[in-house]
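First the structure, in the form of structure tokens, and then the observations on it.
The values are calculated or read from the model by the stated rules, or taken from the named source; none is laboratory data. In this text, all values refer to a predicted model and were calculated from it rather than measured experimentally. Cβ placement follows ideal geometry from the backbone for every residue including glycine, while neighbour counts extend to all protein chains displayed. Remember, those area values only see protein heavy atoms, side chains included, never the ligands or the DNA or RNA. Shrake-Rupley method; radii C 1.70, N 1.55, O 1.52, S 1.80 Å.
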Amino acid sequence: MALPPEADDPSEPDLYWAGHSGWAMLPGVVIGAGLSAIVMLAAPSVGNLVDLAPNTTALIRFWLVLVGWIAAGLVWAYRGASFVYRLTPRHLYVDFGSLYRPLPPVALVDVTDVECWAWRLRRVFGVGSVVVRVSGRSPLRMSGIFRPIRFATAIRRAIKEARNG
């Protein structure tokens with residue numbers, strides 16, 4: 001997919017950079033720790049139901065929890081290293097890394113609405129999502145942003161300046 005000529009300008013100054021924040025992982029860590037404790041300590045023994053020794057059941061539980069944490073760590077590492085949101089005076093560039101299709105830059109004059117979202121546990125850590133609605137495209141959701149209200153405000157300010165100038 002070719003970029004529009006005006007979007008290819010590397011001399012466009014950066015107004016704001018954001019990405020998937022490490023703080024976005026904390027709610028998952030809290031929930032994961034709770035679930036791990038339930039599985040390891042409080043879950044009823046499934047070994048009795050399927051006729052396994054208690055030691056075997058404990059080993060299976062341990063490996064399930066360990067594999068869950070490794071999978072979560074890989075997802076968090078990928079998002080932290082790959083999700084990049086760049087705001088310039090005329091465009092919003094969004095890159096979700098090599099596992100996703102590249103997105104064309106969003107011309108700020110085409111943006112119709114900017115919203116902030118955060119569920120309660122993420123709000124405690126100051127993390128949320130910014131949803132940008134663009135005419136003629138599906139909404140663009142940028143998640144895991146530390147202080148999403150600041151990023152949304154910067155986008156709104158850049159939209160006003162792009163439309164006025």
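Computed values, structure above
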{"quantity": "Distance histogram for region 89-165 (every C-alpha pair counted, 5 angstrom bins, percent rounded to whole numbers)", "calculated": "3, 16, 24, 23, 18, 11, 4, 0"}
{"quantity": "Region 125-165-region 39-102 distance, computed between alpha-carbon centres (Å)", "calculated": "28"}
{"quantity": "Distance histogram for the chain (every C-alpha pair counted, 10 angstrom bins, percent rounded to whole numbers)", "calculated": "10, 30, 26, 15, 11, 6, 2, 0"}
{"quantity": "Length gained when the stretch Ser45-Arg133 is fully extended (0.36 nm per residue, less Cα-Cα span)", "calculated": "26.8 nm"}
{"quantity": "Solvent-accessible area, 1.4 Å probe, carbon plus sulfur percent, for region 40-153", "calculated": "65"}
{"quantity": "Accessible area of the chain divided out per residue, in Å², using a probe of 1.4 angstrom", "calculated": "63"}
{"quantity": "Filtered chymotrypsin sites (Phe, Trp or Tyr not before Pro), region 119-165: DSSP coil and at most 14 other beta carbons within 10 Å", "calculated": "Trp119"}
{"quantity": "Where labels lie 7 Å past Cα in the beta-carbon direction, separation of Leu26 and Leu121 in nm", "calculated": "1.3"}
{"quantity": "Burial order of peptide ranges 110-118, 65-73 (average beta-carbon count within 10 Å, highest first)", "calculated": "110-118, 65-73"}
